[in-house]
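Reading through the structure tokens given below for one structure.
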Amino acid sequence: MTGTAAPDTGIPDVPKAELHVHLEGTARPALIRRLAARNGVALPAGLFADEETFAWTDFLDFLTTYDLAASVLRTAEDYRDLVHAYLSECAAEGAIYVEMIASPDHARAVGLPEAEHRAGLFAGIDDARTDHGIEGRILVTAIRNLGVEAAERTAREAAALAHPYVVGFNLAGDEAGFPPAPFARAFQVAHDAGLGCTVHAGEHAGPASIREALALPGVRRLSHGVRAVEDPALVARLAEERIVLEVCPTSNVVLGVYEDYAAHPFTRLRDAGVLVTLASDDPPFFGASIGGEYGVARTHFGLQDDALLDITRTALRAGFLDETTRRDLLERLGSAGSAL
Ligand code: HPA
Ligand code: ZN
């Protein structure tokens, strides 16, 4: 022993799991630059504020910048590198499992066939497991502002191209402008195909969006869902029905859903018995990371290591992964291995 203390990174030393991160939103500016150069594409104007920072103002402008960044991803190799880079970062922060929300519409927009898009995603998952022992899975997402028909097409394609790494279906994009109910058929297709279903709700719209989301076929988790706190009966229902929230505190604060961590409802929801997990949403855009969110939960919400481990356990039980992998990962926490 040298007696040298480990550096304090602010990241709690517990195994972590993440259920909510937009894959195209994990690319740091340096990676976007490298892929653009490799593909011989010009960097879109207005993408960066400076070397290290994407340029955006509010949520809808963020979605536009997000699309610009994603537009430099052109090949299977790009998606492989993206997944590998992100999972490597997560593993370095102690994560053992990550569900990545991937958008076939963004691949289609640059002419990348879905089979190639997927081949890249799957290679990244395999290579990260080999290099770091981390598990990753894919949630296919529809983009609500592209409309109901596009969402149904995305769900049908996901159902037709069944693969053990593609485990779920989500609905992202402009939540306030495009409420959940019209997307019921897309969710029915995904649910019938055995995909786990989750939907962005209760972030940019209030409790009504959550009730609508819960009426969609197969929805057992909510991407955010934090604005349930505005409706005590809904909070009680989430607890009673064991609906799991994918909570992204830093994203919520940076996007102005809450003024600061002290105003964030994480503690109120958890104390009311709602099952909560932690996630980063769009890491470089929001200055977030899965390790950082566990740090936020310790520093701002007062969770000690045993409570943080409980969060990881909840995430693994609510994950849409196969039971064998779930059991193996839960055993790494010293826990028995059942789904919620
Ligand atoms: N929210 C909703 N849609 C998105 C996001 C997000 O954070 N990132 C990419 N699409
Ligand atoms: Zn999100």
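Relative contact order of the range 49-154, please, whole-number percent, based on alpha carbon pairs below 8 angstrom and at least 6 residues apart.
Here the relative contact order equals 30 percent.
How much length is gained if the chain between GLU157 and SER338 is pulled fully straight, taking 0.36 nm per residue apart and subtracting their Cα-Cα distance, in nm to one decimal?
Working: separation 181, 0.36 × 181 = 65.16 nm, distance 2.95 nm.
Gain in length upon complete extension: 62.2 nm.
Pull up all non-local amide H partners of LEU43: gap of 5 or more, or a different chain, and H-to-H distance under 5 Å with H placed in the peptide plane.
Here nothing satisfies the definition.
Assuming R0 = 25 Å, can you tell me the calculated FRET efficiency for the pair GLU51 and ALA92, based on Cβ-Cβ distance, to the nearest 0.05?
0.70
Would you calculate the separation in nanometres between label points at ALA37 and VAL148, each defined as 7 Å from the Cα along the Cα-to-beta-carbon direction?
Output for this residue pair reads 4.7 nm.
Compute a Gaussian network model of the chain, connecting alpha carbons closer than 10 Å, and tell me which residue from ARG270, ARG80, ARG220 fluctuates the most.
Checking each option, the largest mean-square fluctuation is seen for ARG270.
Based on the alpha-carbon gyration tensor of the range 16-338 and its eigenvalue square roots a ≥ b ≥ c, which shape applies: rounded if a/c is under 1.5, prolate if not and a/b is larger than b/c, or oblate?
rounded
Using helices alone, what [θ] at 222 nm do you get for the chain, with -39,500 (n - 2.57) per DSSP H run of 4 or more residues, divided over all residues and rounded to the nearest 500?
Taken over the chain, the calculation gives -13500 deg cm²/dmol.
Given an 8 Å cut-off on Cα distances and at least 6 residues of separation, report the relative contact order of the chain as a percent.
Computed value for the chain: 18 percent relative contact order.
Take the alpha carbon gyration tensor of the range 268-340, find the square roots of its eigenvalues, order them as a ≥ b ≥ c, and report rounded if a/c is under 1.5; if not, report prolate when a/b exceeds b/c, else oblate.
Judged from the Cα gyration tensor, the range 268-340 comes out prolate (a/c at least 1.5, a/b above b/c).
Rounded to the nearest 5, what % of the DSSP beta bridges within the chain are antiparallel ones?
Just about 5 percent of them are antiparallel.
Kindly list the residues of the range 167-186 that lie in the label zone of THR324, defined by a backbone N under 17 Å from the point 7 Å along the Cα-to-C-beta vector.
Inside the label zone: 167.
Classify the range 50-133 as rounded, prolate or oblate, taking a ≥ b ≥ c as the square roots of the eigenvalues of its Cα gyration tensor: rounded when a/c is under 1.5, otherwise prolate if a/b is larger than b/c and oblate if not. Could you put the intermediate results ahead of the total?
Numbers: a/c = 2.25, a/b = 1.26, b/c = 1.78.
Verdict is oblate for the range 50-133.
Measuring from label point to label point, each 7 Å out along Cα→Cβ, what is the ASP306 to VAL110 span in nm?
My value for the distance between the label points is 4.8 nm.
Where a number appears in this text, it was derived from the coordinates with a stated rule and is not lab data. Because the structure is predicted, anything quoted here is derived from the model rather than measured. Heads up, the Cβs are rebuilt from the backbone with ideal geometry, glycines too, and the neighbour counts pull from every protein chain shown.
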